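S.K.: The structure that follows is given in the form of structure tokens.
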Amino acid sequence: MPVPPPVQPVFRFAPSPNGLLHLGHALSAIINHDMASATGGRFLLRIEDIDRTRCRPEFEAAIVEDLAWLGLSWEEPVRRQSDHLDLYAAALERLRDMGLVYPSIMSRGEIKAAVAAAEASGQVWPRDPDGTPLYPGLERELPTSEQEALVAGGRLHAWRLDLAKAVDHLAEPLTWREAGAGPAGETGLIAADPAAWGDVVLSRSDAPSSYHLSVVVDDALQGITHIVRGRDLYHATSIHRLLQRLLDLPEPIYHHHRLILGADGRKLSKSNGDTGIAAFRAAGHSPAELRAMVLGVAPPYGEGGPSPRA
Ligand code: GLU
């Protein structure tokens, strides 16, 4: 029997151009790049710019500049999600045809007010792993004709996945292979828990696709074999695995890596100007120094600076 050729690993770094890259992004990009080099794999850059209200071309330019300064190289052309909205719409359509999606009409403000009212009356409102309250609306229970009337009447706010129905649809247990570790050290074969996320948004009237939907579509289309990203996205993997199964997409291997925390012990954010790659560069540090620092083989720069041992 001929032996099938080994599958070439494909890695990607997928930032959103809604701010400047910080040291946590540098760690993620470097790990992906180095794993690709070490395994004879490919390294791709993907620009996740679905959220048109927050993403800016100048941030995309800064991402490219920062990564090039770090000495990383990636395949061209770079995939930009805003160029592929038709593909995410097709995936949404497929889920809708399967009867797993419903139109929700409550705005963010209405959701907040409804949850606050329920909590004020003593109810404990369930929240997703990111701390966002689960959707309080009940449109999922309406007959299809009434759901269609909401859309026709211009009431649509977001298309949501009917999580309970979607989970019922699964023939086999939903798992993933974790080659890194979750926040509590979880590793190996992990049982996914998509129900914790409730009825996630798949598209909004003001944003054509959600992060969850576009990321699984693109990872499959780009043939990503290894998803290496920060531990802050560990729990989102449950939803990604659910969408992959529903859409018949291949299952990648996941590797969640540690986060770099700021001096306040919290995850870095794009607004932490002083922990940006650009700020580090402007302070006269070299790419090699930054690499050593984020990989944890050199002390963090400056007093009270970010800790690579998070
Ligand atoms: N675009 C996401 C972010 O910037 C990362 C997506 C992923 O790695 O799955 O946080």
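The values are calculated or read from the model by the stated rules, or taken from the named source; none is laboratory data. On a predicted model such as this, the values are computed, not experimentally measured, just so you know. With ideal geometry, Cβ positions are generated from the backbone for all residues, glycine too; neighbour counts draw on all protein chains shown.
S.K.: Scan Arg12, Arg54 and give me the residue that is assigned to a loop (DSSP other than H, G, I, E, B), within 14 Å of the ligand (Cβ to nearest atom) and either at pLDDT below 95 or in contact with a Leu (Cβ under 6 Å, 6 or more places away or on another chain) (or both). So that I can check it myself, show each step before the final result.
M.R.: On the way: Arg12 fails: assigned to a loop (DSSP other than H, G, I, E, B).
After ruling out the rest, the residue left standing is Arg54.
S.K.: Then there's this: Can you say whether Ala26 is more than 16 Å from Ile277 (Cα to Cα) and either within 11 Å of the ligand (Cβ to nearest atom) or at pLDDT 95 or above (or both), as far as the supplied structure shows? Break it down into steps so the answer makes sense when it comes.
M.R.: Numbers: more than 16 Å from Ile277 (Cα to Cα): no; either within 11 Å of the ligand (Cβ to nearest atom) or at pLDDT 95 or above (or both): yes.
It is false that Ala26 is more than 16 Å from Ile277 (Cα to Cα) and either within 11 Å of the ligand (Cβ to nearest atom) or at pLDDT 95 or above (or both).
S.K.: Cβ-Cβ under 7 Å, sequence separation 6+ or interchain: first residue in segment 151-167 and within 15 Å of Leu247 (Cβ to Cβ) and small (Gly, Ala, Ser), partner modelled with pLDDT of 95 or more and crowded, with 17+ Cβ neighbours inside 10 Å. Which pairs?
M.R.: Taking only residues 6 or more apart or on different chains, the pairs are Ala166/Leu100; Ala166/Leu242; Ala166/Leu246.
S.K.: Considering each of Ile31, Ile63, Ile47 in turn, give the residue that is within 13 Å of the ligand (Cβ to nearest atom), touching a Pro at 6+ places or on another chain (Cβ under 7 Å) and in contact (Cβ under 8 Å) with a residue 40 or more places away in the chain.
M.R.: Going through Ile31, Ile63, Ile47 in turn, the sole match is Ile63.
S.K.: Kindly list the number of the only condition in (1) in a helix (DSSP H, G or I); (2) modelled with pLDDT under 95 that fails for Arg241.
M.R.: Of (1) in a helix (DSSP H, G or I); (2) modelled with pLDDT under 95, only one is false for Arg241: (2).
S.K.: Quick check on Leu21: is it within 10 Å of the ligand (Cβ to nearest atom), touching a residue at least 40 places away in the same chain (Cβ under 8 Å) and surrounded by 21 or more Cβ atoms within 10 Å (Cβ to Cβ)? Step through it out loud before you land on a result.
M.R.: Details: within 10 Å of the ligand (Cβ to nearest atom): yes; touching a residue at least 40 places away in the same chain (Cβ under 8 Å): yes; surrounded by 21 or more Cβ atoms within 10 Å (Cβ to Cβ): yes.
So Leu21 fits the description; yes.
S.K.: Moving on. Please give the strands (runs of 3 or more DSSP E) falling wholly within segment 79-179 in which 2 or more residues are more than 15 Å from His212 (Cα to Cα).
M.R.: 101-104, 175-178
S.K.: Next question, about the same structure. With respect to Val215, determine if the residue is of a type outside the set (Phe, Trp, Tyr), farther than 23 Å from Arg54 by Cβ and near the ligand (Cβ under 9 Å from one of its atoms).
M.R.: Judged against the criteria, Val215 is not a match.
S.K.: I would also like to ask the following. Could you check segment 1-18 and list, in sequence order, the residues that are surrounded by fewer than 15 Cβ atoms within 10 Å (Cβ to Cβ) and either without any contact (Cβ under 8 Å) to a residue 12 or more places away in the chain or in contact with a His (Cβ under 8 Å, 6 or more places away or on another chain) (or both)?
M.R.: Listed by number, the residues that qualify are Met1, Pro2, Val3, Pro4, Pro5, Pro6.
S.K.: For segment 209-230, enumerate the residues that are assigned to a loop (DSSP other than H, G, I, E, B) and either more than 27 Å from Ala29 (Cα to Cα) or hydrophobic (A, V, I, L, M, F, W, C) (or both).
M.R.: If the condition is that a residue be assigned to a loop (DSSP other than H, G, I, E, B) and either more than 27 Å from Ala29 (Cα to Cα) or hydrophobic (A, V, I, L, M, F, W, C) (or both), then Ile224 is the only one that fits.
S.K.: Where residues in segment 256-298 are part of a helix (DSSP H, G or I) and crowded, with 19+ Cβ neighbours inside 10 Å, which of them is modelled with the lowest pLDDT?
M.R.: Among them, the one singled out is Thr275.
S.K.: How many residues, within segment 169-178, are surrounded by fewer than 16 Cβ atoms within 10 Å (Cβ to Cβ) and either touching a residue at least 60 places away in the same chain (Cβ under 8 Å) or within 13 Å of Leu243 (Cα to Cα) (or both)?
M.R.: Of the residues in segment 169-178, the ones surrounded by fewer than 16 Cβ atoms within 10 Å (Cβ to Cβ) are 169-173, 175, 177.
Narrowing further to those that are either touching a residue at least 60 places away in the same chain (Cβ under 8 Å) or within 13 Å of Leu243 (Cα to Cα) (or both): 169-170, 175, 177.
Summing the residues that are surrounded by fewer than 16 Cβ atoms within 10 Å (Cβ to Cβ) and either touching a residue at least 60 places away in the same chain (Cβ under 8 Å) or within 13 Å of Leu243 (Cα to Cα) (or both) in segment 169-178 gives 4.
To keep it simple, each residue is scored yes or no on (1) among the charged types (D, E, K, R); (2) within 30 Å of Leu138 (Cβ to Cβ); (3) modelled with pLDDT under 95.
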site: Met35; (1), (2), (3): no, no, no
site: Arg46; (1), (2), (3): yes, no, no
site: Ile63; (1), (2), (3): no, no, no
site: Arg96; (1), (2), (3): yes, yes, no
site: Pro103; (1), (2), (3): no, yes, no
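S.K.: Restrict the check to segment 188-204 and report whether at least one residue is within 16 Å of the chain's Cα centre (by Cα), in contact (Cβ under 8 Å) with a residue 60 or more places away in the chain, within 11 Å of the ligand (Cβ to nearest atom) and buried (at least 17 other Cβ atoms within 10 Å of the Cβ).
M.R.: The answer is no, given that none of the residues of segment 188-204 is within 16 Å of the chain's Cα centre (by Cα), in contact (Cβ under 8 Å) with a residue 60 or more places away in the chain, within 11 Å of the ligand (Cβ to nearest atom) and buried (at least 17 other Cβ atoms within 10 Å of the Cβ).
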